[in-house]
């Protein structure tokens, strides 16, 4: 029987510095791990420990993946010290991703903040690759400052490549180089022209940003069951056994981390 | 239904040793602990009440290596399967909860399966109750009715043995020479004994006003914002003893040994009462306060499990009552939740 706790040996192909405290690792596991956007993996630093991340790369690339990691704790500190050629471990894919098949022929609004832009990059690649399947795709991204903006250059390239996709960015605090909106992400959710009642709203970001973006979506007329949230909980085993990431009757690791707002809205503690 | 004399019972255990690692409850002072059976001894107590430690520990080990580096090895079969003798009804219900988590629910856990399969469960009737026993309030009788291979009821000079599975039947058939037919007198002794212990537990329930499980529906939702949690958690010292001794608690921590030469991933019992249990790396903690964690413990047992598995994850064994240094008493908490004050 397969051992769900065993990490697969993985080579660090490259380390890309994104911002002062965020790096992206390009990883090649010896056994390919196929994922879909929104699913997560557990990344092991040998002798240090394991932590959950959602791949930020193209799911259509099967033999390698990228994870984008903010330095916040013990494991991520060690991850930031990794170099090209180092060996790590991967387990996954774990959990459920975005159900793209349910988004067909719909209008989709993607809202991301901060580190939440990482899982959403994988989602945007999937949307771009199947852009004809969707009626409309709108992207709204926010970060604290222009220096913190993940994939800034790449998003600007998306704007040029995918003219049909309405994309706007914002920062909480601007600087002279910043030519776009200044304000929290909900400030660029005003005036969006779309069929909110039947539209799909996707939110990923720090808890506080998710909370306010969700409230905004509800104000705009989105239905509870059409809002998809990516929940950050203490996912450890990844298969609903260890008990750390429970939300009500769910485990974020096996039933999520992507949940419909309607599934979890009645539970306390979801934004904490 | 069969009868086995005390002498033959030890012969039976001696035979089982060939196939199984046999564990029996042994009495030390006022407590019973599981010990590996070697030779007949007087302090082996098949009846009385549950052992000090929860029997879940036989299958969900307190500390277990679940991965070694990147090696693609699946867990090795134990050399010999376990025969656990004298398991009480409360621990059988504990197995049911553990089985739900590790065997039946979405994903399977190969380590638990390895430990659990091929085992022989020889349960036994309780012949007495201690003052913390309240099994009948949560739908568990102090004598096993199902979920065993063989069940033993103490009678004069020996035991009545009933089979509850094909494996149990085959085991008795294989040692048929040690068993006899049951005399009417023994049968009525068993019935009397069961009546007596039922009365003892009922008296406990009455004296402590323990609510019946029929009244537990909705107690968590109803009291989610109640001050009961803060009040009850006041004396908690966050030791996690309630989790450790609980037959239904299953949470664990995956821990990587900090030694690059020997990359072992351990699974260790964890406690949801400890502050960092649900904390994420960024620092956010959905249950930062102790009373929230106490509430979570009850929510898991009396909201989560009934919703996903249709049972309350409490066996009425009373171990958490005895183990708690702060004297937090699950019977009292349930009583307050039912009353809502």
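Every number here is computed from the coordinates shown, using simple stated rules; none is lab data. Just so you know, these numbers come straight off a predicted model, no measurement behind them. Note: ideal-geometry Cβ built from the backbone for every residue, glycine included; neighbour counts use all protein chains shown.
Across peptide B:59-72, the average count of Cβ atoms from other chains found within 10 Å of a residue's Cβ is 3.
Computed extension gain for residue B:175 through residue B:104, at 0.36 nm per residue and net of the alpha carbon distance, reaches 22.3 nm.
Counting every C-alpha pair in the range B:79-149, the share spaced more than 17 angstrom apart comes to 49%.
Annotation for residue A:211 and residue A:86: the two label points, set 7 Å from Cα along the Cα-Cβ direction, are 3.4 nm apart. Overall shape: oblate for the range A:100-230, with the ratio a/c of the largest to smallest alpha carbon gyration tensor axis at 1.5 or above and b/c at least equal to a/b. The stretch between residue B:1 and residue B:65 holds 18.9 nm of extra length on full extension. This uses 0.36 nm per residue minus the Cα-Cα distance. Given the rule -39500 (n - 2.57) for each run of at least 4 DSSP H residues, summed and divided by the residues of chain A, what is its mean residue ellipticity at 222 nm, to the nearest 500 deg cm²/dmol? Helix contribution divided over all residues of chain A: -5500 deg cm²/dmol.
Helix content alone sets the calculated 222 nm mean residue ellipticity of chain B: runs of n ≥ 4 DSSP H residues at -39500 (n - 2.57) each, divided across all residues, give -9000 deg cm²/dmol. For chain A, the orientation-averaged shadow of the C-alpha convex hull comes to 14.2 nm² (one quarter of the hull surface). With angles folded into 0 to 90 degrees, how steeply does helix B:330-339 sit against the dominant principal axis of chain B? Use alpha carbons for both and round to 10. That helix lies at roughly 60 degrees to the long axis.
Sorted by average packing, counted as other Cβ atoms within 10 angstrom per residue and highest first, what order do A:116-122, B:195-201, A:28-34, B:130-136 take?
Values: A:116-122: 26.6, B:195-201: 17.0, A:28-34: 15.1, B:130-136: 21.6.
So the order, starting with the most tightly packed, is A:116-122, B:130-136, B:195-201, A:28-34.
Just so you know, the Rg over Rh for the protein assembly as shown is 1.05, from Cα atoms, with Rh as the Kirkwood radius. Contact order for the range A:8-94, expressed relative to its length and based on alpha carbon pairs under 8 Å spaced 6+ residues apart, stands at 40 percent.
Here the alpha carbons of chain B define both size measures, Rg and Dmax, at 21.2, 68 Å.
Within the listed set B:308, B:140, B:85, the Gaussian network model of chain B (springs between alpha-carbon atoms below 10 Å) gives the highest mean-square fluctuation for B:308. In chain A, the longest principal axis of the Cα atoms and the axis of helix A:207-220 are about 30 degrees apart.
Applying 1/(1 + (r/R0)^6) with R0 = 51 Å to the Cβ-Cβ distance of residue B:274 and residue A:133, what FRET efficiency is obtained, to the nearest 0.05?
On the way: r = 46 Å, r/R0 = 0.91.
Efficiency, rounded to the nearest 0.05: 0.65.
Helix B:290-299 and the longest principal axis of the C-alpha atoms of chain B enclose an angle of approximately 50°. Applying 1/(1 + (r/R0)^6) with r as the Cβ-Cβ distance of residue A:159 and residue A:21 and R0 = 35 angstrom yields a FRET efficiency of 0.85.
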